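Trainee: If you scroll down you'll find the structure; I have some questions about it.
The values are calculated or read from the model by the stated rules, or taken from the named source; none is laboratory data. Being a predicted model, the structure only gives us computed values, none of them experimental. Backbone-built Cβ (ideal geometry, glycine too); neighbour counts: all protein chains shown.
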Amino acid sequence: MRIFFCNDSRDLMDKLIINGGRPLDGAIRISGAKNAVLPILAGTLLAEGPVTVSNVPHLNDVTTTVSLLGRMGVDLVVDEKLNIEVDPQTIKEFCAPYELVKTMRASILVLGPLLARYGRAEVSLPGGCAIGSRPVDLHIKGLQAMGAEIDVQNGYILAKAKRLRGAKLVMDTVTVTGTENLLMAATLAEGETIIENAAREPEVVDLADFLNKMGAQISGAGTPTITVKGVDSLKGVRYRVLPDRIETGTYLVAAAITGGRIKVKDTDPKLLDSVIVKLRDAGAKITLGDDWIELDMQGRRPQAVTVKTAPYPAFPTDMQAQFTALNVVAEGTGSVTENVFENRFMHVQEMQRMGADVRVEGKTALTRGVKNLNGAQVMATDLRASASLIIAGLVANGETVVDRIYHIDRGYEAIEEKLSQLGGKIRRIAV
Ligand code: EPZ
């Protein structure tokens, strides 16, 4: 049976109502990684034949990417298990328009593949976002070093190249999507490309594994130096996306903060070592299997921890807000330092409204743990901030209403179903 991906009908003004005070208990399955499936779907544009991607999470960002590829004329079908088959050979356009890119910055990831495979691309600049200015200068600089002619006009990146040439690229800053764009561009470039100071995130490694399965010649993914020998073409393949380490960590923190005991399945503990260390520092008893993690807080209150975010394998910025939520109800004083983005503490003022004793000094959120938070009306501002407010609501007394939850639907598949499965009292209301 072939069905087409439908846009989630959930209204932008939906809210989540959470009644706190219950320890989470039970088991859930972790979905495929958002930050791996987005570059991999963009990478399908490089193939000479159909590509099937499996373990795709049902997220708004995936729907947006499917819409973006569909607009280019690429044929996409989705089966009942959410496997997406992409046939890039039907492509007609090479443009990523502003109205799509403004809703999802990761649309920039079509730039490298379009340039490498078709020699042209017109991609809207993503613009800033709530957590920071999020420039893409390093994406552009790297492609220019590989011979692309790039103009930025009226908010669009206009790029063309007869055939990209391999180059030695030294990234000024570790950038995940910057590394991914240049990695994809290099697969079909003439000669060898070396990317120094490359991002080492597991999602970069998953993309490299996918590209190598298509016939690329990439070595060093997961280390600071990636080497790519350009090839003439890449073939269509079937590929299963790796589990989402941030979704995994989010549910583990939710269990820890509520004093609960949960098992997360279909995940990979090796992807989140730094998060597991901090959860153990907070007092959680953690057991690891090959593809599962069990966390047992045994009804206890967590101990406050010190966290400093940095590129992988250090503590992930995408888990910062969730650990801020843990610290505000933990025993003792804690600190969370955000070193990657310049404005990723917007959840703090929302938590203050719930009674948290937390203040931001420079790049650090300093907390003095309180025994109880009180439910309140709070507003989500970005994806991971939304998750942290839901987690805070799970432990707060009374009812918490989280507004603007379209943020959460971008990155967490069926969050209220999974939390309800764990005994959380959470429901969505359409306004
Ligand atoms: C990726 O964003 C993730 N998104 C983000 O996840 C994640 O927070 C981030 O990496 C860091 O881990 C996807 O993978 C789709 P960066 P990305 O480029 O690639 C600076 C989530 O919640 N920079 O690694 O856009 C930039 O300003 C999202 O799932 C430049 O200066 O982030 C930032 O300070 C949020 N110039 C730093 O690098 C550039 O050209 C890291 O940003 C590019 C980046």
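Trainee: Can you pull out the residues in the range 316-346 that are touching a strand residue (DSSP E or B) at 6+ places or on another chain (Cβ under 6 Å) and within 11 Å of the ligand (Cβ to nearest atom)?
Mentor: THR317, GLN320, GLU338, ASN339, VAL340, PHE341, GLU342, ASN343
Trainee: Can you find a residue that is modelled with pLDDT under 95, over 17 Å from the mean Cα position of the chain (by Cα) and surrounded by fewer than 24 Cβ atoms within 10 Å (Cβ to Cβ) anywhere in the range 102-122?
Mentor: no
Trainee: Only residues that are buried (at least 18 other Cβ atoms within 10 Å of the Cβ) and in contact with an Asp or Glu (Cβ under 9 Å, 6 or more places away or on another chain): list them for the range 73-84, please.
Mentor: Of everything in the range 73-84, those that are buried (at least 18 other Cβ atoms within 10 Å of the Cβ) and in contact with an Asp or Glu (Cβ under 9 Å, 6 or more places away or on another chain) turn out to be VAL74, LEU76, VAL78.
Trainee: While we're here: Would you point out which residue out of GLU93, GLU80 is assigned to a loop (DSSP other than H, G, I, E, B), on the phi < 0 side of the Ramachandran plot and touching a helix residue (DSSP H, G or I) at 6+ places or on another chain (Cβ under 8 Å)? If you could, list the steps in order and put the result at the bottom.
Mentor: On the way: GLU80 fails: touching a helix residue (DSSP H, G or I) at 6+ places or on another chain (Cβ under 8 Å).
Going through GLU93, GLU80 in turn, just one is assigned to a loop (DSSP other than H, G, I, E, B), on the phi < 0 side of the Ramachandran plot and touching a helix residue (DSSP H, G or I) at 6+ places or on another chain (Cβ under 8 Å): GLU93.
Trainee: Pairs please, first residue from the range 112-140 and touching a residue at least 24 places away in the same chain (Cβ under 8 Å) and among the small types (Gly, Ala, Ser), second anywhere and part of a strand (DSSP E or B) and more than 11 Å from the ligand (Cβ to nearest atom), Cβ atoms under 7 Å, 6+ apart in sequence or on different chains.
Mentor: GLY119/LYS160; ALA121/ALA159; SER124/ALA96; SER124/TYR156
Trainee: A further question on this structure: Give the residues of the range 187-205 that are under 17 Å from VAL110 (Cα atoms) and within 16 Å of the ligand (Cβ to nearest atom), sorted by residue number. If you could, list the steps in order and put the result at the bottom.
Mentor: If we filter the range 187-205 for residues that are under 17 Å from VAL110 (Cα atoms), which is where we start, we get 187-189, 203-204.
Listed by number, the residues that qualify are GLU203, VAL204.
Trainee: When residues of the range 114-146 are filtered for being more than 9 Å from the ligand (Cβ to nearest atom) and of a type in the set (D, E, K, R), how many remain?
Mentor: Restricting attention to the range 114-146, the residues satisfying the condition of being more than 9 Å from the ligand (Cβ to nearest atom) are 114-125, 127-128, 130, 143-146.
So of that shortlist, the ones also of a type in the set (D, E, K, R) come out as 117, 120, 122.
Matching residues across the range 114-146 total 3.
Trainee: Let me ask something else. Residues of the range 401-431 being of a type in the set (A, V, I, L, M), away from the ligand (no atom under 16 Å from the Cβ) and either under 26 Å from ALA36 (Cβ atoms) or modelled with pLDDT under 95 (or both), which ones? Spell out how you get there, then give the answer.
Mentor: Taking the range 401-431 first, the residues of a type in the set (A, V, I, L, M) are 401-402, 405, 408, 414-415, 419, 422, 426, 429-431.
When the remaining residues are screened for being away from the ligand (no atom under 16 Å from the Cβ), the result is 401-402, 414, 419, 422, 426, 429-431.
Correct list: ALA414, LEU419, LEU422, ILE429, ALA430, VAL431.
Trainee: Right, THR258: more than 24 Å from the chain's Cα centre (by Cα) and over 25 Å from ASN397 (Cα atoms) or not? Walk me through it before giving the result.
Mentor: On the way: more than 24 Å from the chain's Cα centre (by Cα): yes; over 25 Å from ASN397 (Cα atoms): no.
Judged against the criteria, THR258 is not a match.
Trainee: Right, something else. State whether the residues of the range 391-400 include one that is part of a loop (DSSP other than H, G, I, E, B) and either more than 15 Å from the ligand (Cβ to nearest atom) or among the charged types (D, E, K, R) (or both).
Mentor: Of the residues in the range 391-400, the ones part of a loop (DSSP other than H, G, I, E, B) are 396, 398.
From what is left, the residues that are either more than 15 Å from the ligand (Cβ to nearest atom) or among the charged types (D, E, K, R) (or both) are 396, 398.
Yes - at least one qualifying residue is present in the range 391-400.
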